[in-house]
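One structure is given below, encoded as structure tokens.
Only the coordinates and a few stated rules stand behind these numbers; no lab work does. Everything numeric here is computed off the predicted structure, so don't read it as measured data. Virtual Cβ from ideal backbone geometry, glycine too; neighbours counted across all protein chains shown.
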Amino acid sequence: MLSYTMMSTLISITMLLILNIVSKKSFYDREKTSPFECGFEPKNLARLPFSLQFFLIAIIFVIFDVELTLFLPFIIIYETSNYISIKITMTMFILILLFGLLHEYKQGSLNWVK
């Protein structure tokens with residue numbers, strides 16, 4: 001079973017590499033990669049500056065959203081398990097996240113208005 005998995009992975013990677021090499025464009029066209037605004041020249045730059053505060057809060061949201069996804073199986077295991085190692089791991093995971101949240105709070109990254 002393992003050999004089939006390894007062979008299928010190897011074949012998939014090889015096919016993706018071959019397709020990547022074959023499908024590359026031979027020239028770089030600046031006009032095609034520029035932003036398109038209904039045939040008109042763009043009024044302003046396509047990359048507008050945004051708030052660093054918004055970016056930090058978005059990153060914190062993503063981290064805690066992924067944390068919740070990782071934390072849900074712990075809740076199920078916690079009820080049915082008597083293993084102390086799982087409980088210690090769960091506690092350490094929560095403590096690391098709480099220390100990170102405390103650090104972000106002290107740094108002022110969670111304040112909308114400064």
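Observations on the structure shown:
- Length available on full extension from Val22 to His103: 0.36 nm per residue minus the Cα-Cα distance, which gives 24.3 nm.
- Exposure proxy ranking, count of Cβ atoms within 10 Å, fewest first, for Lys87, Lys24: Lys24, Lys87
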